[in-house]
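Below is one structure; the comments refer to it alone.
Quick note: the coordinates plus some simple rules give every number you see, no bench work behind them. All values derive from a computational prediction rather than experimental measurement. For neighbour counting, all protein chains shown are included, and Cβ atoms are generated from backbone atoms with ideal geometry for every residue, glycine included.
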Amino acid sequence: MHINKHPNYENVIAIFTGTLFAAVGLFLLQQSHLLTGGTAGLALLVSHFVPISLGGLYFILNCPFYLMAWFQMGKRFALSSIFCGGLVSVMVNALPRFITIEILNPVFAAVFGGLLLGVGMLILFRHRTSLGGFNVLVLFLQHKFGISAGKIQLAIDSMILITSCLFISPKLLILSIVGVIMINMVLAINYKPERYTATIQPKK
């Protein structure tokens, strides 16, 4: 017998907490003009060139992956990912109304912003949902082939950052890489589902 389901109230709290952490992490990176991997990194990069809010871009870029989630991961996972991704988009756009940052060290933004994003994704992963984007592909490959989510995410993020070096300064690129390392360190160390499956042995 496996005990691996969370009650609904825990899922609700986890979704709010995970999306809030992710939104604040993304906000810190944006305020320091840093990038990251995944669709969040693409949204941060594209936001410099088009007059669309970061939250709006983030949701638009995630849409193809929501479709993938629907067919590969199931309706429940897809709908919860759409909800989480939409919630992060709304939160990112709303945060400037609640937070005004006058001084923000970019090193702190890279480290703390990356950690917040990683912890936010970790919370959602453990409650069988995601932010959409490459998270969907990462989770699918981990569950299908047993490849570490952190390692897959790091490979994808590395490719995105290598491409972005054409658009940002070397200093910002290095700090962006630091942020990506923080995200993937959290996932690689903490997201190993087999560690958290409880098994009840029948009585003899």
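Taking 0.36 nm per residue of sequence separation and subtracting the Cα-Cα distance, how much length would be gained by fully extending the chain between residue 9 and residue 97, in nm to one decimal?
Gain on stretching residue 9 to residue 97: 28.9 nm.
Specify whether the C-alpha gyration tensor of the range 1-101 places it in the rounded, prolate or oblate class, a ≥ b ≥ c being the square roots of the eigenvalues: rounded for a/c under 1.5, otherwise prolate if a/b is larger than b/c and oblate if not.
In terms of gyration-tensor shape, oblate.
Quick one: how many lysine pairs does the chain have with C-alpha atoms less than 24 Å apart and a gap of 8 or more or different chains? Give me the count, please.
Step by step, the pairs that qualify in the chain add up to 8.
Under a 10 Å cutoff between Cα atoms, tell me which one of 89, 130, 53 has the largest fluctuation in the Gaussian network model of the chain.
Sorting by GNM fluctuation, first place goes to 53.
Taking Cα atoms, how many degrees apart are the long axis of helix 170-190 and the longest axis of the chain, rounded to 10 and kept between 0 and 90?
10 degrees
Hey, can you rank 59-71, 93-105, 156-168 by average C-beta count inside 10 Å, highest first?
Result, highest mean Cβ count within 10 Å first: 59-71, 156-168, 93-105.
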